[in-house]
Every structure is written in structure tokens, then in C-alpha cells.
Number of protein chains: 2
Amino acid sequence: MDVAAISEEETVLEIGVVLPKRKNNTDIDNGDCIEVLTGEFQNMGLIVERVVGFQSEILKLGAPTKILGKAATELQLKKRTHIGMDLQFHMDEIDAFIRQPDGSLFSWHERLRCYQHILYDTVKVNKPAMKFKCGDKEVCWEMGESILRKLETEGIVKEIFPLHDDVMRKQLVKSWALNWWDFTEQPIDEICSYFGMKIAIYFAFLGMYTRWLFFPAAFGLIVHLIDFGWLQFFVLPAFFVCLVTWAVLFFQFWKRKNSALLARWQVDQTPGAGRDYKAFELEWSLFQFPSDHIKKYGSEKITEKEAFQRDEWFGRFMRYRNDFVVILSIICLQLPFELAYAHFYAVIESDLLKFGLTVVYLLSIQYLTRIGGKIAVKLVNREASKNVEYRADSLVYKVFGLYFMQSYVGLFYHAVLHRNLMTLRRVLIQRLIFSEVVENLLENSIPYFKYKLKKFRAVRFKRKCDRGTVTGKLPRVEKEFLKPTYSASICEELEDGLFDDFLELALQFGMIMMFACAFPLAFTFAALNNITEIRTDALKLLVMLRRPVPRHDATIGAWLNIFQFLIVMSICTNCILLVCLYDREGEWNISPGLVAILVMEHALLLIKFGFSHFVPEEPTWVRANRMKNTTQAHDMCSRELLRSISGGKKMFKEIEKEE
Amino acid sequence: MDVAAISEEETVLEIGVVLPKRKNNTDIDNGDCIEVLTGEFQNMGLIVERVVGFQSEILKLGAPTKILGKAATELQLKKRTHIGMDLQFHMDEIDAFIRQPDGSLFSWHERLRCYQHILYDTVKVNKPAMKFKCGDKEVCWEMGESILRKLETEGIVKEIFPLHDDVMRKQLVKSWALNWWDFTEQPIDEICSYFGMKIAIYFAFLGMYTRWLFFPAAFGLIVHLIDFGWLQFFVLPAFFVCLVTWAVLFFQFWKRKNSALLARWQVDQTPGAGRDYKAFELEWSLFQFPSDHIKKYGSEKITEKEAFQRDEWFGRFMRYRNDFVVILSIICLQLPFELAYAHFYAVIESDLLKFGLTVVYLLSIQYLTRIGGKIAVKLVNREASKNVEYRADSLVYKVFGLYFMQSYVGLFYHAVLHRNLMTLRRVLIQRLIFSEVVENLLENSIPYFKYKLKKFRAVRFKRKCDRGTVTGKLPRVEKEFLKPTYSASICEELEDGLFDDFLELALQFGMIMMFACAFPLAFTFAALNNITEIRTDALKLLVMLRRPVPRHDATIGAWLNIFQFLIVMSICTNCILLVCLYDREGEWNISPGLVAILVMEHALLLIKFGFSHFVPEEPTWVRANRMKNTTQAHDMCSRELLRSISGGKKMFKEIEKEE
């Protein structure tokens, strides 16, 4: 508790507000808006540090726990209490709530929500309407208006971004990013408290996946190197069966690990109960939407149900229409393109031409993927659903569809149509090396060069202002401002850079699983790659980029389904590969009628296991009812319970000690 | 509310306690135990009616709401409140709790729990140790001992059973059992309030299933009757694809309907939260079991987790070992037996011999199934799990395995090995008619004859006592006592007679789905059968049998998985059937290597979709933690919340009115 008390007293400055630098340093008067802003922040109890950089001025803000607590009380933030129920936070009953493992009261995600509330909703002008001068512009605001929002719309506040905490960052760089000899071990709890849950879950997944990869990596190496004599015939099928079992078990154990992590981080796991704060709130608004209908049509319960159901089915129809459009356009537009490339690549003999073709292809797919991503975003935006979580998942599925075709169609072409396993292997090795070496390099060097470029511009700007003489170093916080954000490369709408990282993992998993029988060594490549991936990703997050905005997602979401889908695909493709491998002379024949029936069987099995998703198990109105009930109950008991918990907390402590 | 008040004042006598009839009517003194029992019951506030029957004396008991409420308070029964949370019942805060749709405070299931508590735990002897005479026996009990338990162990109280409520029964007979022209419509809410949730869910399922069956029944009829010309070739595959889609959609919509029903009946649907009272309590004791280990080994949290995990995996290992034993013995013992019968049936030409063989076969499988059922019960009992729900499911799976082999192996034999579709069709028709007509008849006539026999014995007994002259009619309550209970035919341990009814449905579903392509007309048979099944089952429950003990299960449980499994099986078998149908000349050949790979593929897909069940997604300790948390929270807030709810109830009512 002592440590907690100390760390709370030292308020860390966690938010940066970027303002343009005044050209004339002498022009300081009371009407200046930076002064006003700083003053208001200080009035609110925030700690403000003003840093004059080369190109802009940055206000570093920090809030003592007391101020954060006040904001949390106003926000009615739900927090885990000592009785294991999430209740609305109240500053007076502070003892009822569980503290973070590092002793602080709020998690980074909660702190950021509080900051947001303080900055946008609390800091207001308390004086009558006034005019302020800010650089060249004159800003005029009225009583009770939010200063920051006004300044943002006027374009004076360039950006507000979360700052790195240098003490913790240095510690993490040492214990995590540069700790190569730990292989897959990572300080997940510290990552969670520094970067938020979603990123911690990603690294926990990556670590566990890499650890589990060691088994198929070793098996693959053995299969590749050792000749088993007359047993050779059975080695590949056995390898394949083990692989599938391995993959299925891995994902089951991952789910267990995920729920164990959530239990450790004190996240409420009852489904529907605050999976994501944002999603929850927005779902609420979704659920209240049909009640507008009711007021028009009548007030009976049955009408409410009907309105919900109409809404639900209409929403589903829109989604399936969109999915259908996406799948159709991928098959009709992307597939022929990819097949054409694969065909030309197989037909052309000159190496130079092949290289040229590949370059043209790579450039064009970059462009096409971007277009595809934009279309997907537009489609998702048109869907009626306001559920953030669902939208993010839907976008991930659609964009992954594009990448799936891109990555595997050429390989299928070589494998099945040409039965050319040597080309397939060569392409596989190329892709693996490309993705492992080149992508890792690019991933880290692009942000670095972007940063360098911006820094260079800042120095040039300074030189221009100071007429040639650059004095002093670029302040650290401005350096941080110049760093790129952690965002997805394909489109900004994908919530953050984790999309790229998960995509890389999923494509790698698909590649090694789907063509496992053709190239068992791939697992060894992948394992080696992932060991470096852990550390380079850590470095990227800690050093190369700004501190990302934390997200409260508790699982890997849509990606789990994608991985599961890849396992099923890999069962089918490996069977085809085995047929190709063992039937080089084309002796194994199969009648067309039988083929038709087999195809029908597979399609039906797909329907059986996929179709159940079309009709959700629980009607929306039941869910809405339940959520209404839970929130009502929670809100009612909140205050009274808190008092009894914080009163009884001593008792709890004693019980814990006894345990 | 007026109706509710009246119905509560007329206390219905709902429990019958059966005692032996005293031979000598004159021998009544204060020491007689029936007198004592009646007196104690009346002291407790119960309403007692004493009926002297032909063979035994029956005490009919009823409890006014006040007495039930007191018992419920003592039991700390969880009940749905107006804020949608289940809280511990308390008599003083009666207004906080939601009433049943029929206006009464407690459901039939809750009433029975209260009766149980009152009869066994509350009715005690308050006098010092005494001796009582009861017929020939002398019973001696001590202060504070439960009278009823003592009398039961002494064999004086023969049975305690729930009584039919004649008013409601007559109403249900009229509106449900004899209401043939409603086809699949049933008054589900009344069934639920009279028989409890589990039976209502069964009838809701049966009704919906029959309603949905009309579509494939019509389609099957069309396929059977109309000749499509050159399209004939595609009709069967199209029929089959539609069927699979139909089945998948049906079960999804059933899940929706189920959750809608539960919402209507105010059942808490958050997973783990009181799925079944009994299961919940017993899981609790399971979860506390490993904590004994801890006290021995140490008190650290990690040890607790480890103890949980050791326990969990050991339990799983035991289960899989048992499952393995069951599957192995079914394959090694039952399969050859069934195949032998099918083979002899196909080989023998004389009709008389065939008939004799079938009779011998039918008698022997009756016997073998019983043995199998007993073995399954023993295996399940050996498993460490104390979770009632899990145990019931496990037993259902094991016993269904036996029936599955029994019902379908012969059919497979005809279909695949002999490619003899005509025999297959004949056997199918025989089975369907047998199951539909004969089983329905037996199901209703056996209880009737059992009852008649018992009644005859009672009258003979009376005649013996009265020396030849039988005066008066058999009292209605004694008639009820003579009726058979609603129990499974194979073994008593299967919780109730619903096992037989669900088994009939599942076997029918398997039969019509798995051989759909061979005999599309089967769906029409099944639909007709199910329409009668609804009414005959209703009659059986209302007229033929004693009122069953209600159960609080919210879903159809294990049967859903069995139905889903049958859909997947039907995809595979129908594909095989189609091959047999279209490939009469054996022109379609397939190389053994390809067969091996296809078999491997199917096995792997099975692993993929089945294996995930081997490793549960959530470790037991996480679940235990969560349940501990929830119950802790609930218990803490219970009392305080109740007061505020019942205080605020007027507010709620006003809100409801406004809505």
C-alpha cells in the first residue's frame, strides 16, 4: 500500500495537447488563448507543464487521483468492487473498489476516459462571452462552452494524444523488448497496465502461439530431415493428423488462457456484461431505437417485440446482402486477377520477365487492396448496426477475405491445377522469407523513416525561424508528437494497428497449415519468425510509435473465427495435396457423379456448421430485456451496496489474510 | 389482482401422504401416529384432509401462501424481483417479487420445494421422547426428530406424492388434451404452470417440430407422387439439400423460441446463473471440494488454482475413459449382434422364420438394452462429478448410443452392404408404422392396464376386509395413488419419463433424416404421427399418470446435441444412399488411396468439430471464482435491495402503466 501511495502522489503527465508555436515570443498578454487554457486546466486541478518545442507548443497534462476520481464519479464508471460485482464508481466509497495490480486506483483505459471527460466536458469558460487572440486568429467563445472543443474546431489545438510514461517505458524496454533470451516469456501484466487490455491480449496470444509452435516446428524438422524407410509413406498423413489435433487443442487452450487472464485482470466475464464499455453503451442506444416505433404504433408489449424483430431481421438482411456482395466481387473480380498472375508466372520462362511481372503485381495489389478496404468500410458503414464490436469484426472479416484470396489463390493454382509441387514449395519459401524478413523490416523501418522525416522538417522549421542557428535539442515530448500513431496500414477505420499484426499472424498460420504436407519445414520458419516478432513488435510499440489509445476488448474477437476457419480449410487443402503427392501418375480416378456427391456433402457440412450463425440463438428483444434488467438492478443497488462494502472492507481484508 | 387474491385464499390440496389403513376402525386413541401426524401438520398451519380409502389412508395436504412464504424465506429461495434480478425471497418484502402469470406467488416447482422443506424439516416432535402405536408397529421418536422421515424409514408412510389439481386438470383436458383441431397449438403457459418448466419445454418443442415438419412432409409427398421427367435425376439431391437446410434452421429457430419462452417465464438466462437450482447448489459443493486440499497443503492462491485444475482434469479423464468404454463395448458387442440379425434377416427366405427371428430379436434387445442402461448408470455414478445436470446428460448420451446402434445398424446394413433399397424401404415402413402406431398404443395402454390391475387388487383387498360386501366407490385420491408414475422405461435413474418421449422423437428424427433419400414419404408419416403424439402424450400425463414432480430445466439439454449429431450423420448417410441409388451398375469406382484420404478427411473434420468439447473454454477455477463472486454479491445486496424495491414498487407499477 505504501508503494501505491507514493506512486499516486507523483502524478504522471499523461496527456499532450499540441498548440501552434507563437512566432513572436514577446507577444504575451492575458488574452492569449494558451494562457487561458493553461489557467483553466490548473483551475480544474490538473498539473500542467508547458513545453515550447521547435515547431509547436505542447501542454503536458496530468491529473491527481482525486481529480480522476471526481471525473469517474461523474461518468458513473463501472468498476470491480471487492464483492466481485461491477458497480458505479463513487469517490466517497473508494475503499470498496479493487485497485490495479500496480497499486493505482484506475487502469490506463479508465484514466483515459476520465481525462477525456475532464478535458472536453468539464473545462469550460466560466466568464461571460470573451474574445481571445491566438496567433493570427481571434477566437470568441461563450459562457459554458467547452474550450478544448472550440479550439479543436477552430484548428488551433492540433492534436491531443496520450504520452508515454518514461519510467515505465524504460522499465518495459529493459524487461520486455530487449529481453531476447526469454524467448516467449513476457511480462503480460505490465503490458496490460501500460498499453491496455487489447494489446496485452495480442502479446499473450503471440507468446502462447509461438510456444506451442515449437512442437510442430520440431516435428516438421524431423519429417523434413529424416528418412523413415518403408514408413515414409505414412509420415506425411501422420504429420497432418497431428497438426490438426495440435491446432484444435491450441485454440481451446488459448480460450482457457484468455479467460484465466481476464479473471486475473478482474474483468467481468458474464456474457453481455460490459464486454466493451463503448459497445455496451452503443448497444444500449441501439436497443432503445425501436422504442421510437412503439410510441408511434402503440404501447403494447407485443408491438415492442415485433419492432425489435423487424429491426433485427432487416439488419441481418442488410448484412448478408453486403457479405454476399463482398464474396461475389472477390470471386468475380479478384479471383480471375490472381489466377491470371499465377498462370503467367507459371507459363513465362524468362526470370527477368517473372521478376517484372511480380513487381507489377505487387504494386497493383497494394492499390487494389486499398480500394477493396475502402469499399468494405463503406459497406460496413451502411449497415444499420451501431454496435462497435460487431462493426469492427465485420470489417475484419471483409478485409481478411481480400487478403485470403491474395495470399493463397496462387498457391492453390500451383498445387491443384498444375500439380506442380516444386513451384509451390519455391513460392512458399519465397513468401515465408518475404513475410518474415522483409515485412518485419518494413514494419519497423517505415515508422522510423516517417519519424526522421518529420523531425528533419521540424528542425528546418526551427532553423527558418531562428535564422540559421539551431539552439538546444528537440524536446522529448515534441519528438513523441512527431512519431507516427499505431494504426492499420490499409485503412484508418480499422480501429488500430493490431489489425496489421493479427493479419500477419493469420496469414502466416494459413500458409503453414494449409500447405503443411507440401512443406513441413514451414513451421520451423514460422517459429523462428515469431520469436523475433514478439520483440520487434514490442520495440515498435515502445520506441517507434506514440503510445496507442488503450482499448478494452477482452478477446481476440473476429480473429479467433478466422483462425478456426483456416483450420477447416487446411483439412481440405491438405487432403487435396496428399492426393496430388501420392497420385503422381494420375492413377487414382474418380467418377464425375461421385465428385458431385462429394462436393455436395462438403457444401452441406459447411452449411450445417456455418449456417447456424445466420440465425442468432437469442432474439434481440430477449437480450435487450435482459440487459435492461441487469443495468436497472445494478444501478439500483449501486450506492447502497458500496456503502456496505466499504464499511465491510476491513472484514474482507481480514478474510483475505486468513486465506 | 382480485383473481389472484381469491385463488390464494382457496388453498388447493397438493400433496398426498399415503399411510396404511388401520384394520380396526375402532382402535383410535391419542397415541395413534396418524393422529399425531395430522395434529402436527395442522399445528404447522397446513390444511389436512383425511381420506380413508380401500387399501390405505391418504392425508391430503395443502399450505396457504403464508405458510409457503415462511418456508421459502427459510430456504432462501431465489426469486425474480421487479428489477429483473433474482434475489433471496423474504416474506416481509413480498411486493418486490414478480407473481406467476396465473396470479399466484410461487410456481409449482417452488411450491413443491417449500412443501418438501415444511414436511421434512419443519414438522418435528416438540414433546419429549414418546412411543406411538401405528398399526402393528410401535414407533419411538425423540424430541426434535422429523416425524415424516422417521415414519418413512420405519416403512409406515408408504409414499408422498404430488396430487393433481382437479380444477386445473379438467380445464387442461378440455383446452389441451382433447383439443384435436388445434393441431400443433397448445396452451404452453398453462402447461408450464401445471407441470413445471421441463415438461412445458418438451411440449413446446414437440409442437414446433411438428409445425415445421409440415414443410418436408409436403415436399416428400410431392417427390414421392409426381414424376418430374428429365428433372427426376435432380429431385432427390435437391430434396436432400432442402432438408438439411430445413433441419439446421429449425434448430436455430428452436433455440430462439426456447430463449423467448424463458424470457416470458421470467427465468434468468445469464449462463451459470441458476440454470437449475439443484445443479447450482451441487456445483457449489463441488467447487468447495478442492478447498479441503488447500487446507492440507497450504493457503496460497496458486495452490487453489492447481487443486482445481488437478481435480478438473482428473474428472475429465474419468469421463473420457467411461465414454471410451461405452463406445468400445457398443462397437465390439452390440454391433456384431445387430449385424448378425440384419444378415440373417436378409438371408432367410421363409416369412415364418423371419417372423420368429424378429420376435426373438425384439425380446433379446429389450433385455440387452436394460442391461446396457444399468451399466451406463453404474459408470455415470462412478464419475466424480456431482453436477446433476451433467450426470443426466451423460446418461442420456450413453443410453442413446445403445438405441442408436439398435435402430440404425440394420438399416445401414441393407443400405450400404447389400445396396438393397427395396428391403431398406420395407424395413423403414415397418419401423415407422411400428413406432408410430404400436408404440403410441403401448405407451398409453400399459399405464392403463397397470392402473386397472392395481385397482382390481385394491377392490379385492377391500372385499376381503369387509367380508364380501364392497360399499362405496374407490376415493379419487386413492385412484390417483394407484396410477403409475411418469418414469423412464429403461431405468429409474433417468430423471423422468421425458427420456422415453424425447428418445421416441430423436429416433424418429434420425430415421426420417438419415434415410430421407431412400424414402421421402417418411416425413408425412412422421408429421401425422406427431400430431397424434401431442394429444396422446397430453392425455397420458393428465389422465393416465400421477402428477409428475416438476423440474426446473430450462432447455432440452443433451437432446439438442443428439439432434445436431443426427443432422451431421444424415448428411453422410444420404450421400452414401445417393451413391447407391445412382450407381446401380457399380460403374463409379474409387481408388483405395483416395478412399483412405477421404476417410481421413472426414475423421479430421469430426475431430475439429467434436474435439473442442474435450477442453472446456473456461477453467473450473475461473468459473468457481465467478460463481463465488456472483453469489457473494447477491447475498450481500439481497435484503437491502428488497426493501428498496418493495418500497419503490408503486413507482414501478406506475411506470408499467405508462408504458
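Are any of the residues in segment B:177-185 out of contact with any Leu (no Cβ under 6 Å at 6 or more places or on another chain) and buried (at least 21 other Cβ atoms within 10 Å of the Cβ)? Among the residues of segment B:177-185, not one is out of contact with any Leu (no Cβ under 6 Å at 6 or more places or on another chain) and buried (at least 21 other Cβ atoms within 10 Å of the Cβ), which makes the answer no. If you go through segment A:317-328 and keep only what is more than 25 Å from the chain's Cα centre (by Cα) and touching a residue at least 40 places away in the same chain (Cβ under 8 Å), you end up with A:M318, A:V325.
Where strands (runs of 3 or more DSSP E) fall wholly inside segment B:1-84, the ranges with 3 or more residues that are under 33 Å from the mean Cα position of the chain (by Cα) and modelled with pLDDT of 80 or more are B:15-20, B:47-52, B:56-62. Surrounded by 17 or more Cβ atoms within 10 Å (Cβ to Cβ), under 27 Å from the mean Cα position of the chain (by Cα) and aromatic (F, W, Y), is that true of A:F563? Spelling it out, A:F563 is indeed surrounded by 17 or more Cβ atoms within 10 Å (Cβ to Cβ), under 27 Å from the mean Cα position of the chain (by Cα) and aromatic (F, W, Y).
Scanning segment A:200-230 for residues that are aliphatic (A, V, I, L, M) and crowded, with 19+ Cβ neighbours inside 10 Å yields a total of 7. Per the conditions (1) in contact (Cβ under 8 Å) with a residue 24 or more places away in the chain; (2) within 14 Å of chain B (Cβ to nearest Cβ); (3) more than 24 Å from A:M569 (Cβ to Cβ), the sole criterion not satisfied by A:A204 is (2). Of the candidates B:R419, B:R426, B:R370, the single residue that is touching a Lys or Arg at 6+ places or on another chain (Cβ under 8 Å) and charged (D, E, K, R) is B:R419. Does B:E533 satisfy the condition of being acidic (D, E) and surrounded by fewer than 18 Cβ atoms within 10 Å (Cβ to Cβ)? Criteria not met by B:E533. When residues in segment A:592-615 are screened for being at the interface with another protein chain (Cβ under 7 Å from one of its Cβ atoms) and surrounded by 15 or more Cβ atoms within 10 Å (Cβ to Cβ), 12 of them pass.
For segment B:137-189, a tally of residues being of a type in the set (G, A, S) and either on the phi > 0 side of the Ramachandran plot or free of Cβ contacts under 8 Å to residues at least 24 places away in the same chain (or both) returns 3. B:F253 meets the stated requirement of being surrounded by fewer than 18 Cβ atoms within 10 Å (Cβ to Cβ) and within 14 Å of another protein chain (Cβ to nearest Cβ). For the residues B:R460, B:R419, the requirement of being part of a loop (DSSP other than H, G, I, E, B), surrounded by 12 or more Cβ atoms within 10 Å (Cβ to Cβ) and in the same structural domain as B:A177 (by TED's automatic domain parsing) singles out B:R419.
Within segment B:422-445, restricting attention to residues that are exposed (fewer than 14 other Cβ atoms within 10 Å of the Cβ) and within 31 Å of the chain's Cα centre (by Cα), the residue that is nearest to B:K540 (Cα to Cα) is B:S445. Every condition in (1) under 30 Å from A:S259 (Cβ atoms); (2) at pLDDT below 75; (3) in a helix (DSSP H, G or I) is met by B:F609 except one, and the failing one is (2). Being among the polar types (S, T, N, Q) and free of Cβ contacts under 8 Å to residues at least 40 places away in the same chain is the filter here; which residues of segment A:417-449 pass it? Answer for segment A:417-449, where residues must be among the polar types (S, T, N, Q) and free of Cβ contacts under 8 Å to residues at least 40 places away in the same chain: A:Q430, A:S445.
When segment B:518-528 is filtered for residues that are farther than 15 Å from B:Y408 by Cβ and surrounded by 23 or more Cβ atoms within 10 Å (Cβ to Cβ), the ones remaining, listed by number, are B:P520, B:F523, B:A526, B:A527.
Count of segment B:342-351 residues, restricted to those that are assigned to a helix (DSSP H, G or I) and touching a Leu at 6+ places or on another chain (Cβ under 7 Å), is 2. What about B:K60, is it free of Cβ contacts under 8 Å to residues at least 40 places away in the same chain and away from chain A (no Cβ under 14 Å)? Answer is no for this residue. May I ask you to verify whether B:K354 is in a helix (DSSP H, G or I), touching a residue at least 12 places away in the same chain (Cβ under 8 Å) and among the basic types (K, R)? No. Pairs linking a residue in segment A:208-229 that is in contact (Cβ under 8 Å) with a residue 12 or more places away in the chain to a residue that is of a type in the set (D, E) and surrounded by fewer than 16 Cβ atoms within 10 Å (Cβ to Cβ), with Cβ atoms under 9 Å and 6 or more positions apart or on different chains, are A:R211/A:E185.
The values are calculated or read from the model by the stated rules, or taken from the named source; none is laboratory data. As the structure is a computational prediction, the values presented were derived from the model and not from experiment. Counting neighbours? That spans all protein chains shown, and the Cβs are built from the backbone with ideal geometry, glycine included.
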